[in-house]
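Below is one structure, written out as structure tokens, with a few remarks after it.
The values are calculated or read from the model by the stated rules, or taken from the named source; none is laboratory data. Just so it is clear, the model here is predicted, and its values are computed rather than measured. Ideal geometry is used to build each Cβ from the backbone, glycine not excepted, and the neighbour counts take in all protein chains shown.
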Amino acid sequence: MVRVGLLYSQAFLNHDTGKHPESPERLRAILAQLERSGLLERMVPIAPRPATERELSLVHNEALIYAVRGMSAMGGGALGFDTVLSAGSYEAALLAAGGTVELVRQVAAGELDRGVALVRPPGHHATRHNAMGFCLFNNIAVAAEVALRESNVKRIAIVDFDVHHGNGTQEAFETNSRVLYVSTHQSPLYPGTGSIAERGIASGNGTTINIPLPAGVGDEGWHRVYSEIVFPALERFGADLLLISAGYDVHWADPLAELDVSLTGISWLLTMLMGYADRRCRGHAVVVLEGGYQLDALAHGVCATVAAMLGEPYADLLGPSPRRETPVDALIQQVAQAHHLPPFD
């Protein structure tokens with residue numbers, strides 16, 4: 001039986017963003033649907049612990065850590081135009097990052113097979129110097145850095161399917177040849193990074209793969225991009241551990257973007273990623289929540305993810321996108337040429 005851990009804490013709800021797309025209601029909707037589906041009782045609950053300053057400093061500088069702590073201590077405020085803090089935000093951010101570290105540790109050690117981190121605030125936009133894009137600390141990047149330094153993990157593949165480019169995660173690993181970072185994201189869209197030409201720097205050259213998708217890519221284009229580019233790249237890289245930045249804002253009903261992927265498309269992707277984890281990573285994979293702002297699509301998307309981790313199907317109750325799909329032939333050719341995929345060199 002596959003052991004799937006669930007990282008969650010009520011403290012994540014204390015990151016009070018007010019009237020904001022990234023609200024506590026997101027986690028409430030997910031947990032309610034997990035319970036209704038019967039999936040919640042089949043998961044192993046994992047209690048988070050706060051990240052240490054040393055762990056955070058692997059990805060973030062001292063000034064950012066102090067800024068988040070200080071603003072939260074003063075009752076809240078805003079870091080930038082879109083990133084809101086409250087009195088409970090620093091504690092929530094520490095637990096989100098530290099809890100993800102602990103979940104990844106347990107999976108890497110074989111204490112769990114797989115895990116899902118239902119955390120907020122999200123993390124993949126947070127850079128070394130800045131909190132941005134609803135993100136305070138980069139949960140997945142901190143966990144990956146700790147795993148590389150403190151476990152037997154030698155190579156990590158990070159797949160980021162959020163509709164927005166994970167600029168913070170890319171920055172964290174752009175010089176690191178031990179981490180493959182692959183991002184599929186809508187372009188043009190916030191934060192404006194993630195071009196095909198961004199391939200990594202120095203020894204990390206070639207281990208960043210960006211696939212900027214046009215609006216309306218839909219399930220067919222989604223399937224082709226992953227089948228023809230992402231999975232060949234993952235197989236070529238190999239990995240001891242698979243980490244996934246999961247953004248359910250790729251769904252066609254999401255109000256903040258227009259990729260037009262369905263729950264069927266999301267379920268297919270997670271099933272394929274679990275197959276890769278089984279082949280190359282001893283089954284070890286961790287999914288970390290990023291975006292997703294239409295509550296039904298978000299909740300069902302997470303349930304489809306958990307079902308895939310358990311090796312089971314999940315019905316698409318929301319149906320296909322009502323819009324026409326955009327071709328991706330030219331994009332696939334451009335990315336394949338940039339990264340010599342396929343065939344391999």
| remark: Within region 148-172, the residues that are buried (at least 24 other Cβ atoms within 10 Å of the Cβ) and over 24 Å from Ser227 (Cα atoms) are Gly168, Ala172
| query | Do we have any residue at all in region 208-218 that's farther than 19 Å from Val328 by Cα and buried (at least 18 other Cβ atoms within 10 Å of the Cβ)? | reply | yes
| Given the structure, is Ala197 among the aliphatic types (A, V, I, L, M), farther than 18 Å from Leu242 by Cα, over 15 Å from the mean Cα position of the chain (by Cα) and outside any strand (DSSP E or B)? | yes
| note | If we ask which residues in region 200-209 are in contact with a Gly (Cβ under 8 Å, 6 or more places away or on another chain) and either part of a helix (DSSP H, G or I) or touching a residue at least 60 places away in the same chain (Cβ under 8 Å) (or both), their number turns out to be 1
| message | Restricting to region 258-283, count the residues that are of a type in the set (D, E, K, R) and part of a helix (DSSP H, G or I). | response | 3
| query | In region 307-324, what count of residues is obtained for those that are of a type outside the set (A, V, I, L, M, F, W, C), crowded, with 18+ Cβ neighbours inside 10 Å and more than 16 Å from Leu259 (Cβ to Cβ)? | reply | 1
| request: Specify the residue that is farthest from the chain's Cα centre (by Cα); the eligible residues are those in region 144-190 that are closer than 30 Å to Glu325 by Cβ and among the hydrophobic types (A, V, I, L, M, F, W, C). | output: Leu189
| Restricting the first residue to region 99-121 and requiring it to be closer than 20 Å to Gly311 by Cβ, which pairs with a second residue that is basic (Lys, Arg) and buried (at least 20 other Cβ atoms within 10 Å of the Cβ) meet a Cβ separation below 8 Å and a spacing of at least six or different chains? | Val107/Arg114
| query | Out of all the residues in region 225-234, is one or more under 14 Å from Val163 (Cα atoms), crowded, with 23+ Cβ neighbours inside 10 Å, under 18 Å from the mean Cα position of the chain (by Cα) and in contact (Cβ under 8 Å) with a residue 60 or more places away in the chain? | reply | no
| note | Note on Val286: of the conditions (1) crowded, with 24+ Cβ neighbours inside 10 Å; (2) part of a loop (DSSP other than H, G, I, E, B), unmet is (2)
| query | For region 15-49, how many residues meet the condition of being out of contact with any strand residue (DSSP E or B) (no Cβ under 7 Å at 6 or more places or on another chain) and either assigned to a strand (DSSP E or B) or not acidic (Asp, Glu) (or both)? | reply | 21
| With (1) part of a loop (DSSP other than H, G, I, E, B); (2) under 14 Å from the mean Cα position of the chain (by Cα); (3) not aliphatic (A, V, I, L, M) as the list, and Pro327 as the residue in question, which single condition is left unmet? | (2)
| request: Select from region 12-54 the residues that are among the small types (Gly, Ala, Ser), closer than 29 Å to Gly110 by Cα and buried (at least 18 other Cβ atoms within 10 Å of the Cβ) and write down the one among them that is nearest to the chain's Cα centre (by Cα). | output: Ala51
| request: Among residues belonging to region 248-265 that are in contact with a Phe, Trp or Tyr (Cβ under 7 Å, 6 or more places away or on another chain) and in contact (Cβ under 8 Å) with a residue 60 or more places away in the chain, point out the one that is surrounded by the fewest Cβ atoms within 10 Å (Cβ to Cβ). | output: Pro255
| task | Show the residue pairs that are 6+ apart or on different chains and have beta-carbon atoms under 8 Å apart, the first residue being within region 33-48 and closer than 22 Å to Thr100 by Cα and at pLDDT below 95, the second being part of a loop (DSSP other than H, G, I, E, B) and of a type in the set (S, T, N, Q). | result | Ala47/Ser9
| said: Anything in region 231-251 that is hydroxyl-bearing (Ser, Thr, Tyr) and out of contact with any Gly (no Cβ under 7 Å at 6 or more places or on another chain)? List them, or say none. | reply: none
| message | Within region 23-41, does at least one residue satisfy the condition of being in contact with a Gly (Cβ under 9 Å, 6 or more places away or on another chain) and closer than 17 Å to Ala126 by Cα? | response | no
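For (1) within 28 Å of Arg105 (Cβ to Cβ); (2) modelled with pLDDT of 95 or more; (3) in a strand (DSSP E or B), each residue gets a yes or a no:
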site: Tyr190; (1), (2), (3): no, yes, no
site: Pro212; (1), (2), (3): no, yes, yes
site: Ala215; (1), (2), (3): no, yes, no
site: Asp219; (1), (2), (3): no, yes, no
site: Ile229; (1), (2), (3): no, yes, no
site: Leu234; (1), (2), (3): yes, yes, no
site: Ala239; (1), (2), (3): yes, yes, no
site: Ala253; (1), (2), (3): no, yes, no
| remark: Arg282 meets each of (1) charged (D, E, K, R); (2) free of Cβ contacts under 8 Å to residues at least 60 places away in the same chain; (3) farther than 18 Å from Val225 by Cβ with one exception, condition (2)
